[in-house]
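So the structure is just underneath, and the comments pick up after that.
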Amino acid sequence: MKYKKIFDTVQDVFFQTDTEGNITEISPSVERYSGYKPEELIGKPVEMVYSNLDDRNSFLKEFEEKGELVDYELKLKTKKEDLIYSSINAQLLLDSKNKPIGIEGTLRDVTERKKVEEAIRISEEKYRNLIEKFLKVSNEILIEISKKD
């Protein structure tokens with residue numbers, strides 16, 4: 001296979017599913033992110049890696065509306081049931097007669113990015129609350145000072 005070395009060493013996870021949602025192909029890089037070996041996933045329903053099945057339904061609805069997805073975020077789970085955030089790029093997989101036979105695409109682990117974003121959000125919220133308290137106390141002090149005048 002001409003591209004086997006690329007397929008075997010790609011950092012992102014390349015995948016293909018059939019129209020029933022069964023995994024038909026997945027790159028070896030999936031093990032690094034999920035703990036699953038490709039042979040543990042091939043032939044299995046893709047739902048087994050979703051953290052929440054509602055996310056699968058949302059993904060399919062959006063995919064159907066747009067025909068492809070770019071940088072679509074999903075919450076998936078590892079073999080040990082840990083949560084991982086993934087960014088997915090997906091498109092229809094067509095046969096030689098342009099008939100849809102599944103979905104193919106790539107997944108990128110964005111868990112660390114999501115953790116940093118959440119830490120920033122919490123920090124911003126904490127400082128916003130601190131400033132609001134400071135302004136409230138400052139305002140109360142000014143009111144008390146003005147009463148004494």
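The values are calculated or read from the model by the stated rules, or taken from the named source; none is laboratory data. Note that the structure is a prediction, hence the values are computed from the model and not measured. Neighbour counts are summed over all protein chains in view; Cβ atoms, including those assigned to glycine, are modelled from backbone coordinates with ideal geometry.
Would you call E117 of a type in the set (D, E) and assigned to a loop (DSSP other than H, G, I, E, B)? So E117 fails the test. Selection of the range 35-51 for residues being among the β-branched types (V, I, T) and in contact with a helix residue (DSSP H, G or I) (Cβ under 9 Å, 6 or more places away or on another chain) yields V46, V49.
I'd like to know if the range 117-125 contains one or more residues that are in the same structural domain as F14 (by TED's automatic domain parsing), exposed (fewer than 12 other Cβ atoms within 10 Å of the Cβ) and over 14 Å from F15 (Cβ atoms). Checked against the condition, which is being in the same structural domain as F14 (by TED's automatic domain parsing), exposed (fewer than 12 other Cβ atoms within 10 Å of the Cβ) and over 14 Å from F15 (Cβ atoms), the range 117-125 yields no hits at all.
Residue by residue, here is whether (1) polar (S, T, N, Q); (2) more than 26 Å from T19 (Cα to Cα) holds:
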residue: I42; (1), (2): no, no
residue: P45; (1), (2): no, no
residue: M48; (1), (2): no, no
residue: D82; (1), (2): no, yes
residue: L93; (1), (2): no, no
residue: K97; (1), (2): no, no
residue: E112; (1), (2): no, yes
residue: S123; (1), (2): yes, yes
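Modelled with pLDDT of 90 or more, touching a Ser or Thr at 6+ places or on another chain (Cβ under 7 Å) and buried (at least 16 other Cβ atoms within 10 Å of the Cβ): does that describe L76? Spelling it out, L76 is indeed modelled with pLDDT of 90 or more, touching a Ser or Thr at 6+ places or on another chain (Cβ under 7 Å) and buried (at least 16 other Cβ atoms within 10 Å of the Cβ). Looking at the range 92-110, which of its residues are surrounded by 15 or more Cβ atoms within 10 Å (Cβ to Cβ) and of a type outside the set (G, A, S)? Within the range 92-110, L92, L93, I101, I103, E104, T106, L107, R108, D109, V110 meet the criteria.
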